[in-house]
Amino acid sequence: MDLLLEPIEPFIPTWGSPEEWNSAYEKLESYLRAHEVDSHLHRAHITTMILRRVSRRWQGQTPPAPLATLVIEETNRLLNEWFTRIMDLPAGTDTSFTAADGRVALFLCDGPLRWPYAFLAAQQIPEDLKSAMRSSLMRAGPELQISNMVPRPIDLGLIPAFADDAMDTLNRMPVIKALIGWLIFITILTYLFWMTR
C-alpha cells in the first residue's frame with residue numbers, strides 16, 4: 001500500500017511502552033529532518049505512517065531490536081524502495097548502493113526543497129523529480145592512475161637554519177641560556193621603567 005495513501009487515523013500503539021514510542025517518534029522525526037523534510041505536516045504524516053507499519057509488523061512478536069532501531073530500519077527500507085522506483089533500478093540492486101546514490105541524487109537536485117511533498121510518495125512522484133534525480137546520479141570517474149612524485153627537501157632559507165643552530169648551542173649551555181633569558185627580561189623591565197617615568 002502506498003505510504004501516503006493510508007488513511008490518517010489516530011495511532012495508538014498496542015505494544016511497547018509510551019516512552020519507547022515517544023523516543024522512536026523523536027528519533028524518526030530527527031532522521032526525516034536530516035533528509036530535509038521541512039514541512040511539519042508532511043513529516044508528521046510520514047512519521048505516523050512509519051510508526052503504524054512498525055507496530056503492525058511486530059504485533060504479537062518479540063522485537064529483535066529496540067523500537068527506535070526498528071523504526072529507522074523500516075524508514076531505510078522504505079527509502080530504498082522509493083529510490084529504486086525513482087531510479088528505475090533492477091529489483092535485486094544492492095541496498096547500500098541504492099541508499100547512498102539515492103541520497104546523493106536527492107540532495108544534488110534539491111529534491112526536498114523543490115518537491116517538499118514528494119518525499120516517500122509512491123504514486124505521486126513528479127516526473128521532473130525523477131528526471132532530476134536520474135540526471136544528478138553520480139557517474140564513475142576515470143580509472144585511478146599511479147604517478148610518482150619525487151620528494152624534495154623544503155628550502156626555508158637561512159633564518160631557520162641560523163635559529164636552529166642558535167637553539168642547539170643554547171641547549172648545550174644552560175647557564176648561558178639562563179643569562180640571556182635574564183638579560184632580555186631585565187632589558188624589558190628597564191625599558192618599561194623609562195617609558196613610564
Which condition does Ser23 not pass, out of (1) out of contact with any Phe, Trp or Tyr (no Cβ under 7 Å at 6 or more places or on another chain); (2) modelled with pLDDT under 85; (3) assigned to a helix (DSSP H, G or I), if it passes all the others?
-> (2)
Residue in the range 169-181 that is modelled with the highest pLDDT, counting only those that are loosely packed, with under 10 Cβ neighbours inside 10 Å and not basic (Lys, Arg) = Val175
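Matching residues to (1) modelled with pLDDT of 80 or more; (2) exposed (fewer than 10 other Cβ atoms within 10 Å of the Cβ); (3) among the basic types (Lys, Arg); (4) touching a Leu at 6+ places or on another chain (Cβ under 9 Å):
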{"site": "Ala122", "(1), (2), (3), (4)": "no, no, no, yes"}
{"site": "Gln145", "(1), (2), (3), (4)": "no, yes, no, no"}
{"site": "Pro151", "(1), (2), (3), (4)": "yes, yes, no, no"}
{"site": "Ile154", "(1), (2), (3), (4)": "no, yes, no, no"}
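The values are calculated or read from the model by the stated rules, or taken from the named source; none is laboratory data. For clarity, every value in this text was computed on a predicted model and none was experimentally measured. In this analysis, Cβ positions are derived from the backbone assuming ideal geometry, glycine residues included, and neighbour counts consider all displayed protein chains.
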